[in-house]
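Structure first, then comments.
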Amino acid sequence: MVRLIGILVGIFFSGWLLVTLAVGFFTWVSEPKVETAEHVFHEHPKELNLASDGVFGHFDTQQLQRGYKVYKEVCSACHSLRHVAFRDLEQLGYSEAQVKAEAAMWQVPGIDPVTGEATTRPGLPTDYFPKPYANDVAARAANNNAIPPDLSLMAKARHDGAAYVYSLLTGYQEQPADLLEEFPEAKTPDGLHYNPYFANLNLAMAQPLIDAQVDFDDGAPNDLDSMSQDVAAFLVWTAEPTLAKRHQTGWPVVIFLIILTVLSYLAYRNVWRNEKH
Ligand code: HEC
């Protein structure tokens, strides 16, 4: 009896599974495939090679310094970098005194020692990078209703982060004529900007960086392409400042494990040497 009930229950569930599979398959086949402008015109990030790539990757501190300068002179007008403190800049090769001077060039929120009112004061190395807007309402009001996201973890938050940032900065263009022909309703709305690397093709950030906008002390090229690579490299660092250290500790651990494996094997052979396998 129990066996019979078991069989019936089994048949019921397998039947159920078959029915759902069949229904799923037919809806998949019969549903018309709607193509949208995003499907057809969205592009994957361009290739970008950075010194920090791969298991032997390390940071190119000259490039990070240039990327920091681009952030400071251009992106910081709209984007915060809230997980980074000024003292972290020592990792980019700046001395303690340089970091102190650098921090003092930024205004951070403070309190008036006499009246207790909110005010601003020059930054200290222990301060974090200040937010460009007082709050989200102010950020939206200044940016066509979009909030410029914090950039500290951007290189991790987006797929292929560094290459994405690089592609986005260099990807602004006129909306292609064939896009408008195929999808007339997908015309870039007023106040937005066409960029095929952005998921829905139109974003509220106007092209922020152009050729020769920033000058570098090391005489490195300052065309749009190079500067976009520099700021992308900088954002890899802000997202994972300990990357180089992780790579450095990783290798001794791997070598240690290999030696340990060999030793264990030899010990095993030694212990069982008089036994027939
Ligand atoms: C004038 C203000 C402004 C400046 C300057 C600016 N941005 Fe933006 N940025 C925005 C706004 C607004 C958004 C949100 C766009 C949206 O969601 O449509 C944004 C979005 C982004 C995004 C996220 C895109 C996504 O996938 O969500 C990245 C990355 C970015 N900016 C990088 C930069 C970098 C790097 C710089 C400096 C070279 C910079 N931005 C300068 C306003 C600005």
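The values are calculated or read from the model by the stated rules, or taken from the named source; none is laboratory data. This structure is a prediction, so every number in the text was calculated from the model and none was measured. Note that we place each Cβ from the backbone using ideal geometry, even for glycine, and neighbour counts take in every protein chain shown.
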**OP:** Name the helices (runs of 4 or more DSSP H) wholly inside region 120-205 in which the number of residues that are near the ligand (Cβ under 9 Å from one of its atoms) is 1 or more.
**Re:** 136-142, 154-157, 161-170
Subject >> Failed item, numbered, when residue 168 is tested on (1) touching a helix residue (DSSP H, G or I) at 6+ places or on another chain (Cβ under 6 Å); (2) closer than 16 Å to residue 75 by Cα >> reply: (1)
Original post:
Among the numbered criteria (1) farther than 27 Å from residue 180 by Cβ; (2) more than 18 Å from the chain's Cα centre (by Cα); (3) not in a helix (DSSP H, G or I), which single criterion is violated by residue 62?
Top reply: (3)
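Condition check ((1) modelled with pLDDT of 95 or more; (2) more than 30 Å from residue 133 (Cα to Cα); (3) within 14 Å of the ligand (Cβ to nearest atom); (4) among the charged types (D, E, K, R)) across all residues:
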position	(1), (2), (3), (4)
38	no, yes, yes, yes
44	yes, yes, yes, no
48	yes, yes, yes, no
58	no, yes, no, no
62	yes, no, no, no
66	yes, no, yes, yes
69	yes, no, yes, yes
75	yes, no, yes, no
78	yes, no, yes, no
**OP:** Among the residues of region 23-38, write down those that are surrounded by 10 or more Cβ atoms within 10 Å (Cβ to Cβ) and without any contact (Cβ under 8 Å) to a residue 60 or more places away in the chain.
**Re:** 23, 24, 25, 26, 35
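Going by what's in this entry, would residue 225 be described as of a type in the set (Asp, Glu), surrounded by fewer than 16 Cβ atoms within 10 Å (Cβ to Cβ) and either modelled with pLDDT under 95 or part of a helix (DSSP H, G or I) (or both)?
In short, yes.
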Original post:
Hey, residue 85 hits all of (1) farther than 25 Å from residue 157 by Cα; (2) small (Gly, Ala, Ser); (3) touching a strand residue (DSSP E or B) at 6+ places or on another chain (Cβ under 9 Å); (4) at pLDDT 95 or above but one; which does it fall short on?
Top reply: (1)
Original post:
Do you know which of the residues in region 165-174 that are crowded, with 18+ Cβ neighbours inside 10 Å and more than 17 Å from residue 70 (Cα to Cα) is farthest from the chain's Cα centre (by Cα)?
Top reply: 172
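In region 55-97, which residue that is acidic (Asp, Glu), within 14 Å of residue 237 (Cβ to Cβ) and touching a residue at least 12 places away in the same chain (Cβ under 8 Å) is surrounded by the most Cβ atoms within 10 Å (Cβ to Cβ)?
Looking at residues that are acidic (Asp, Glu), within 14 Å of residue 237 (Cβ to Cβ) and touching a residue at least 12 places away in the same chain (Cβ under 8 Å), I get 88.
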**OP:** Considering only residues that are touching a residue at least 24 places away in the same chain (Cβ under 8 Å) and away from the ligand (no atom under 14 Å from the Cβ), look in region 206-219 and name the one that is surrounded by the most Cβ atoms within 10 Å (Cβ to Cβ).
**Re:** 216
Original post:
Is it the case that residue 235 is among the aliphatic types (A, V, I, L, M), in contact (Cβ under 8 Å) with a residue 40 or more places away in the chain and over 26 Å from residue 43 (Cα atoms)?
Top reply: no
